[in-house]
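Rule-based calculations on the coordinates, nothing more; no lab input. Fair warning: this is a prediction, and the values are worked out from it, not measured in the lab. Please note: Cβ atoms are built from the backbone with ideal geometry, for glycine as well, and neighbour counts cover all protein chains shown.
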């Protein structure tokens, strides 16, 4: 109880409190079932409320352009960073899929990028736009270090191997900072750009199944999460409020 109270009062989010209590209760249940501790010990740990999902953090089209433009492509590392940022900002790719992008995923003749999502395993086909293609070519010709790795993006410090997803987060976050964009409580990183892509697609009237495939989601229910950030779409769901007529409180029912 003291431990859980300390977690709750430490200022962490409700998600962490809920996750910690749930895992602790499961551990105690297993210990009870295997006879390692006395029964009913799980009742000592209070149940925490599951957190309500917050609307995703997004950035406007103007802010996204500032973020992309803040990357200095004068250096080899900058050319690599531009490719990573464009894949997140234009296509909404996850960090794991950005660092996992291989040369054989690029279909130049068909102008598309084909891959299986590292997180969901969903086969995904995205457009290989002129902007992204030009950035990749510039990086490979004038930035990518010599490496036998099949991945498009590699580390620029020894060993010159595949990048880690955390590097993509650093690239996008640093670009947001250089762009001088106010956070206003919003998260930084590639996932915010991914949410921005999803919201922009919904605002443009792209069907939900198409968005689901583009984001490599396993089902459309996951894609619906981004509806919370699309204010215009939410306004369309609003119902008219009927006038109150002959209600009990208007006729003196409330005393």
* Rounded if a/c is under 1.5, else prolate if a/b beats b/c, else oblate: with a ≥ b ≥ c from the C-alpha gyration tensor eigenvalues square-rooted, which is segment 69-121? -> prolate
* Largest to smallest principal axis extent of the C-alpha atoms in segment 85-171, angstrom -> 32, 27, 22
* Could you line up 176, 201 from fewest to most neighbouring Cβ atoms inside 10 Å? => 201, 176
* **For segment 61-231: span of alpha carbons on each principal axis (Å, largest first)** => 45, 36, 26
* To do: Could you line up 37, 132 from fewest to most neighbouring Cβ atoms inside 10 Å?
  => 37, 132
